[in-house]
1. With respect to the numbered conditions (1) basic (Lys, Arg); (2) touching a residue at least 12 places away in the same chain (Cβ under 8 Å); (3) surrounded by fewer than 20 Cβ atoms within 10 Å (Cβ to Cβ), which one is the sole condition not fulfilled by Lys339?
2. Tell me, please, whether a residue that is over 30 Å from Ile128 (Cβ atoms), touching a Lys or Arg at 6+ places or on another chain (Cβ under 7 Å) and surrounded by 13 or more Cβ atoms within 10 Å (Cβ to Cβ) can be found in region 315-329.
3. Against the definition (farther than 16 Å from Lys158 by Cα, free of Cβ contacts under 8 Å to residues at least 12 places away in the same chain and in a loop (DSSP other than H, G, I, E, B)), how does Trp282 come out, yes or no?
4. Going through region 81-102 one residue at a time, which ones are crowded, with 17+ Cβ neighbours inside 10 Å and within 24 Å of Ala145 (Cα to Cα)?
5. Is there a residue being of a type in the set (Asp, Glu), crowded, with 22+ Cβ neighbours inside 10 Å, within 23 Å of His176 (Cα to Cα) and in contact (Cβ under 8 Å) with a residue 24 or more places away in the chain anywhere in region 261-275?
6. Would you mind stating whether Ser239 is within 22 Å of Asp69 (Cα to Cα), touching a residue at least 40 places away in the same chain (Cβ under 8 Å) and crowded, with 19+ Cβ neighbours inside 10 Å?
7. Can you tell me which of Ala231, Ala255 is in a helix (DSSP H, G or I) and within 23 Å of the chain's Cα centre (by Cα)?
8. Regarding region 207-230, can at least one residue be identified that is buried (at least 23 other Cβ atoms within 10 Å of the Cβ) and closer than 15 Å to Trp75 by Cβ?
Amino acid sequence: MTAANRPVNGQQLSSSRHVDEFLSDAKERYMMSTQCPEVEPVAHEAQTKILKITSTNQAIKTHFPRGVDWKVATWIAVVHLGALAAPWTFSWAGLGALLVMYWLTGGIGICLTYHRMLSHRSFRTFPIVRWICAWLGGLAGEGSAIHWVANHRIHHAKSDHAGDPHSPREGFLWSHMLWCLQAMTVDDKNELHHRWAPDLVKDPVLRFLDRTFLGWQIVFAVGIFSVGYWAGGMPMAWSLIVWGVFLRMVIVLHATWCINSVTHVWGYKTYDNGDDSKNLWWVALLTFGEGWHNNHHAYQRAASYCHRWWEVDTTYITIRLLKLFGLVWDVAPIPPAAKQQLAAARLRG
């Protein structure tokens with residue numbers, strides 16, 4: 001008889017029974033501990049928090065390699081906080097100041113000057129006109145012409161691909177405003193300006209406006225406050241500065257930012273140009289025609305973004321008027337290729 005077939009004695013059976021009981025008891029205790037509601041959720045919650053913190057830290061390091069530019073962050077915060085006083089400082093004069101300055105700084109300063117004239121060279125004008133319009137663009141609160149144009153040219157070179165400063169593919173809020181908060185060294189900024197806006201860096205007046213950007217905000221605010229005080233005392237002074245500066249600037253900022261974020265997410269595409277740019281009517285309404293963004297990305301140098309009769313472009317209308325008075329010339333037309341593509345699209349239905 002082999003050892004495997006040999007019967008065990010009583011002591012062996014007893015020992016085996018004790019081992020089985022011990023293992024069974026240990027298994028039961030383990031199962032109870034793993035099912036205990038006080039243990040598992042706490043561990044899971046802690047693990048989730050750790051993962052979120054790690055993910056957030058990684059995102060911050062990726063998007064803000066040099067940290068946050070607290071000067072820009074403070075600037076944006078102050079402007080938004082000032083706008084909160086609007087309900088308590090309303091006046092018709094304040095509303096009028098908002099509308100006039102919205103058009104001058106947003107429509108003329110940003111859309112016509114920073115974007116179409118300086119970024120894309122869609123037309124030419126006299127130096128004095130360029131300088132005055134660039135000064136108005138600075139009062140929009142979006143930075144100097146040199147810095148704005150440099151960032152915008154990068155956007156077009158790398159639109160919705162690696163290196164785009166503000167693509168929604170990196171997150172909607174990132175493309176809308178967080179991208180503005182990246183800290184840059186002086187050397188980084190100089191390299192950005194000289195590489196992407198060398199034509200503007202050569203202009204001494206634009207360099208002066210770049211250096212004195214914040215100073216002009218203060219001068220204008222003091223000026224409009226003084227006019228309000230002279231016209232109607234402190235209530236009028238506060239109304240003009242809250243509505244004509246803070247609230248107006250908030251609206252201009254977010255309208256411009258919607259171009260970077262909203263029109264790369266929602267709307268319709270007329271041209272398949274390799275990025276996410278789209279046309280959206282209500283953004284075009286807010287931004288004097290800039291919301292026909294897919295049209296612009298397809299034919300960047302064209303002065304007009306109105307590729308269909310109902311795509312109203314008020315900035316282009318302004319350019320036409322300036323040309324009529326001899327203030328601008330060499331206005332870049334929509335190329336024939338665009339019309340051919342539109343005709344082909346109509347045939348396809």
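1. So the condition that Lys339 fails would be (2).
2. Taking every residue of region 315-329 in turn, none turns out to be over 30 Å from Ile128 (Cβ atoms), touching a Lys or Arg at 6+ places or on another chain (Cβ under 7 Å) and surrounded by 13 or more Cβ atoms within 10 Å (Cβ to Cβ).
3. No, not satisfied.
4. Ala97, Leu98, Met101, Tyr102, listed by residue number.
5. Checked against the condition, which is being of a type in the set (Asp, Glu), crowded, with 22+ Cβ neighbours inside 10 Å, within 23 Å of His176 (Cα to Cα) and in contact (Cβ under 8 Å) with a residue 24 or more places away in the chain, region 261-275 yields no hits at all.
6. No; evaluated as a whole, the condition is false for this residue.
7. Ala255
8. Looking for residues that are buried (at least 23 other Cβ atoms within 10 Å of the Cβ) and closer than 15 Å to Trp75 by Cβ, one finds none in region 207-230, hence no.
The values are calculated or read from the model by the stated rules, or taken from the named source; none is laboratory data. Not measured: the values here are computed from a predicted model. We place every Cβ from the backbone using ideal geometry, glycine too, and count neighbours over all the protein chains shown.
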